[in-house]
Each structure stands twice: as structure tokens, then as C-alpha cells.
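Engineer: I'd like to ask you about the structure that follows.
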Amino acid sequence: MKTIYNVKALCVVALLGSAAAASAQEDVTKEKNLNREMTLEREYDPSVQDASKVNTLPVVKEPEVRKIPIDYSNYTIAADPQKEISLLPSGNIMTQMDYNKRRGYFNFGMGTRMNINGDLGYHILSTEKDQLNLWYSHRSTNGKPKDYDVKAKINDNLGGINYKHAFEKTIFSIGAKYGYSAFNYYGAALSDPTSSYAPSEDLLQRDRETNQVNQTIAATIGFESKEEAEVGYLLDLGYTNFSHKYGLSRVMDGPTEHTLEAKFDLNAGFNGNMRVGLGGLVEYFNYSLPEVGGYEYEFKNHVEAMLSPYYKVEGDNWNLKLGANVMLATGDETKFMASPNVAADVEVADKTELYVNAGGKMYSNSMYEMSRVNRYLYPMAELLPSRNWLDAVLGIRSGVAPGFWFDVFAGYKITSDDVLFTQSDVWSANYFGSFSVAEPGIDTKQLFVGANLKYSYQQWFDIALKGVYNNWKAETDEGELPHAWGKPEMELNANLTVRPIEKLSIALDYYLATGRYANVRTWGVNGNTGMTYDKMNEFKMDNINELNLTGTYTFNDIFGVYAKLTNILCQKYELYYGYPMQSFNAMLGANINFSYPEDRKDGRHKYQTTGKPSLEDAGDRDADRDRDGVDRLGGLPEEGRTGLLFGGSRSPSIPVKVLYAIPSAKKTVRL
């Protein structure tokens, strides 16, 4: 029975398995049928279009051309100083390292005859909106010129603080500076060489040791529109206090000059490339004169003003400016004058430009301005303003060849009451002597021709050569003078810089000035009558023939050293008759730049230019030849003045201090 039961159970299991398999097979079949039923098919008949030629060009969007505003360093613009010692803050001092404008610099050099150079500048703030910086410069010497009996002493210091803030539409600037300059009247006794009588004892006993002291306190505040403004404006207000500590001797108090200045400009653009404007300058000079027994200071309070209406237009390859300068000077006699204010340039060939400028201005010849020209000027009297009726130049400049640039020019200049120095002695014992006196009532005419050449071959070497020939005529009411005193007939300035390796630079600088004459007013005592006499004598001065050698080595973009040999030909010469310059002298120094790490990634900071000659490089002849009246030696600009008073120990890259250097639409910027 048990066996039969087991057989039945197996049969039941087999039947159940067959049923499950059949059910599963039926489910798979249904799923396949369902999928086939859900498949959708759609007929598609593509159509092919005929090909056709496109006869129109795509629309080209014209790029918007926008002038990029130029942002100067707040405390340095590289330039060479004038021949007379200049106290100017510095940036890239003596060395070839990249100067970083974001943080600061420090330079120190010392040489023979106690020649000392020092410069320090530091940016406290340096952002796109705010810039605040401090700067200080020092120049001094305390040594005897060769074969001379008295030390030439100079101690010049100049420091200041500047702040600039850029608002949305306006740039605000404010600053102040203080200058202290001490020096002695070390000039030789100017006895009459044509007389058989020796200089008087009083003349030989004049004071050549006591230091005269000039002090300058200046402040300025200004507002200016931004470069892209349709209506441009400028307003700068300034005050300058300049004083001599002594008059003719250390027991006589010196005069003080107060100058209030207002500079303004208002201009507007129209028609896209035209601009019309009115600029002006008003200066008020006030003098504080102490009481001095037996002598009288000859200074008068007065006003000088200038108005300059102008019209400018820019073409595709040309520029034109039409305007005039109308000037007024009050005083004993109110004087009016007018001069043209015209400039034009046109590109006549590839990277070649023909230009013409015709301008004029009034030089105030203030105590402060003249102290920057000649520190040994007679301190008892003011000078009449010089009226420059015409300052015209025509030239062609080109940078057509790679690395090569030239400028060939000629011009003519007419000036009334020009400054020609006469050397004169005070013959009283214990008084200062060897003053420079500007003879009044001398009018000059200057015809000049010259050329400026520059060539740069990659980073290996640079060559620069500049020469000017001047034809001078000077006359007074009594007739024509034989020579224009102190003005050179020819000037030549040459420079060769070689970089044999990346970090080493060797530079040769040569300066030549010929055809200078000095007018000397000599004092003596007639042995027969015992009376003093006053006589004018004219002498030909020795040529300035100076060759300097400078070597610099930069370890990195932070630290560098330099050595400078000045007047290696050991030439003797004078800038002002009776004041000999130092002969050969040497100086060693170092320069440190304070920079942010991000500015030193590739060895070139982001503000640095390539240094290659450009079409307008050194082409601004108006700026070159005048420098606001500072350069009066001759035809070449300040860069033609080599050396400082202590033997020509000038830094090759001493920059000129610009208290506020914020460009605007109304200013011509030359880079």
C-alpha cells in the first residue's frame, strides 16, 4: 500500500510541474506578442533642397576704439637733471633694475669729496582709487675743486607727501613738500685782469665760508576730470613760501617770497574728434622784506596772469591745435603780451611724422624759480618777467626702422628781458661775493637746428646722440651785444649703454658745450685816486668737455649696486664764471626696491615699458627746451646738462619729481 501511495504522489508532482512549465511558456509567448503589437512604424520621405551660392558677407561688427587712460607714477618720471644741482625724488636710481611703483625704493651712494646721494620713497596706499606716498631726496658735497683754496659746500634736501583719490567722475589730489638747501658762495675773487692794481683787501676778505640757506614750503590741492569725460576740467590751487636766510652777509636777514597760484582748464568735446577749451594761470607774488641798514631790497608785489583759448581736432593720421596765449604782468609798469599757441603733426609715411609748433609764454623769474636755475643769484633784487613772444619749431621724426628713431628739427625763438648772467663781486669785507646778476633790458633771438638719434639693438646695447647748433643775438637799447653771455653755440650729448650679460650694464655719457662767453663786472681801487671803479669785461669760457662711465649690476629685481666715474678726462670748466667744478671723482652706491611678490614673477613689473624709441620719444621740443624756464643755459633740454655742481656726479636715471602727475584730456602726454 505504501508503494502505491508513493507512486501516486510522484504522479501528482509531475503533473504540477508540467502545468507550471506550460503556464510559463504561455506567459513568454504573450509578452512577445504584446511587444510586437506595441511597435510603431512611420514612413519618412526626406526632401533634398537644391544647393545655392551665398552672395552676401556676414555682418562685421566694428570694434569700439577707446583711448586707454595713462596712469603715472605718483612720485617719479625718469629724466636727467639740469647741470645745476637738482633735488628731486628718485625711482630707478643709478641701477638698471626694474623700478616697482607699488611699494617703494631706497638709494644711497657715497663718493670722493664727500659727495653723497640718497633717495627714499614709499607708497603707503596703492589702489585704483587711493594712492598715498612719501618721498625724500638728499644731495650733498663738501670738498675742494682741484687746485682751489675753498671747499664747495652744498647740502640739498627735499621731501614731501602726496595723496590722490579717484571718485567716480573726479580725481582729487593734495600734497605738500619741504626743501632745505645750504651752500656757500665759494667763487673766486673777480679782480680786473686788465688792471695793474691788485684786488683790494676788502675783496679778498669777503665771506666764502658761511652757508646761505634757501627754504621752500609748498602745498597744493586740485580737482580734475577723468580722461573719458566729455566735459573736461582742471583746477589746481597752490601756495609756495620761499626764503633766503641771509641777504648780502650773515648779519643781514634775507627776503621771503609768497606765491599764490591758480591753474584752471575747461574744455568740451564735440563731433567725436574735436575739442574746444580755455586754460589759464594766475599767480600773485608777495614779498616780506626785512629792514637792512644802508641797503634796500628791490622787490614789488605783483600779479601775472595768462589766458589760453584753444581748439583741437584729431584726424586719422593728423592732429591740429589752434590757440593763443594772452598774458598780463602788473608792477611798476603793467605789460600785456600775446603769443601763438599752435601745434600740428601729420603722418607723411609709415611711422614718420612731420610736426610744427609755435608757442610762447611769460617766465615769472621769481625767487623760487631762479634758485632752481642759479643758486648764486644776487639776493637783493627781483628780476623782470621774461616775455617769450615766439617759440617755433619745425621738424620730422620717424621710427620707421626697428629699434631706430630720429628727430631732425629747426626753430626760432624771440624773448624780451631774457636772463643773461653777469658775475659780480661785492667789495665790502665780510660780505658774500661772486654773485650772479641778471642784467636788465636784454632781448635775445635764437635760431637753432639740431638732430636727435636713438638706436637700440635688442637688449645688447643702446645708442643715443643729440646735437644742437645755436645762433644767438642779444641786444639792449644801446645796441647789439658781442655775445649772449652764458649761452652755448653748440651742444652735443651722447650715450652708449652696453649689456654684455643680463645683469650687467656699462654706460658711457659724453657732454660737450662750446662757444660760451662770460660777462664779468669787476671792482678795484685806483692807486692814483683811491676811488673804486666798476668795469665790464667779457671772457671766453672753457668748453665743457665731460666723459662719465657708469657700471651697474643687478643681483635681482630688488637689489643692485653701481659704480660711477665722473669727468674721467679730468677737464677743468665752470658753469658760472669764478665757480670751478670738481674734476675727476668717483661714487659707489646701492639701490633697493620694495615690491610685492606678485610683481616679480617674470622679472618685469607690470608698469614697465620696453624702452624702445617711439615716434614721439623726446619729440616734445617745447618741454625739452624750456622746462618752465628752468633750463636757460642753451638750446638743449635739461637732459643736456650733465653733472651736478660737485663735479658732475649725476645719476643717469634720477627722475624728476612731479607733485601731481595726473593726465587729462587736455594734456599732451609724451612717453
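The values are calculated or read from the model by the stated rules, or taken from the named source; none is laboratory data. The structure presented is a predicted model; accordingly, all values stated were derived computationally and were not measured. As a convention, Cβ positions derive from the backbone with ideal geometry for all residues, glycine included, and neighbour counts pool all protein chains shown. Accessible surface is based on the protein model in full, side chains and every heavy atom, while ligands, DNA and RNA are left aside. Shrake-Rupley method; radii C 1.70, N 1.55, O 1.52, S 1.80 Å.
Engineer: What's the number of the only condition in (1) at pLDDT 95 or above; (2) under 24 Å from the mean Cα position of the chain (by Cα) that GLY399 fails to meet?
Structural biologist: All conditions are met except number (1).
Engineer: Just the residues that are of a type in the set (Ser, Thr, Tyr), surrounded by fewer than 20 Cβ atoms within 10 Å (Cβ to Cβ) and in contact (Cβ under 8 Å) with a residue 24 or more places away in the chain, please, taken from the range 329-365.
Structural biologist: Selection gives THR330, THR352.
Engineer: Does ARG275 fit the bill of being on the phi < 0 side of the Ramachandran plot, open to solvent by 30 Å² or more (accessible area, probe 1.4 Å), touching a residue at least 40 places away in the same chain (Cβ under 8 Å) and in contact with an Asp or Glu (Cβ under 8 Å, 6 or more places away or on another chain)?
Structural biologist: no
Engineer: Right, something else. Pick from the range 195-220 the residues that are within 12 Å of ALA429 (Cα to Cα) and at pLDDT 85 or above: which of them is most open to solvent (accessible area, probe 1.4 Å)?
Structural biologist: Residue satisfying both the conditions and the ranking: ARG208.
Engineer: Identify, please: which residue in the range 304-328 is open to solvent by 40 Å² or more (accessible area, probe 1.4 Å) and hydrophobic (A, V, I, L, M, F, W, C) and is, among those, farthest from ASN365 (Cα to Cα)?
Structural biologist: Residue satisfying both the conditions and the ranking: TRP318.
Engineer: I'm trying to understand the selection: among the residues of the range 113-134, which are modelled with pLDDT of 95 or more and over 30 Å from ILE171 (Cα atoms)?
Structural biologist: ASN115, ILE116, ASN117, GLY118
Engineer: So, in the range 383-424, how many residues would count as being closer than 21 Å to LEU322 by Cβ and part of a loop (DSSP other than H, G, I, E, B)?
Structural biologist: The qualifying residues number 0.
Engineer: If you go through the range 435-453, how many residues are more than 16 Å from LYS487 (Cα to Cα), open to solvent by less than 70 Å² (accessible area, probe 1.4 Å) and part of a loop (DSSP other than H, G, I, E, B)?
Structural biologist: 1
Engineer: So MET370 fits all but one of (1) surrounded by fewer than 20 Cβ atoms within 10 Å (Cβ to Cβ); (2) under 26 Å from the mean Cα position of the chain (by Cα); what number is the exception?
Structural biologist: So the condition that MET370 fails would be (1).
Engineer: Scan the range 171-194 for residues that are modelled with pLDDT of 90 or more and open to solvent by less than 30 Å² (accessible area, probe 1.4 Å) and report the count.
Structural biologist: 10
Engineer: Next question. Please work out which one of (1) in a strand (DSSP E or B); (2) aromatic (Phe, Trp, Tyr); (3) open to solvent by 50 Å² or more (accessible area, probe 1.4 Å); (4) at pLDDT below 95 is the condition TYR510 fails and give its number.
Structural biologist: (4)
Engineer: Go through the range 337-351 and report how many residues are within 19 Å of GLY411 (Cβ to Cβ) and not in a strand (DSSP E or B).
Structural biologist: Of the residues in the range 337-351, 1 are within 19 Å of GLY411 (Cβ to Cβ) and not in a strand (DSSP E or B).
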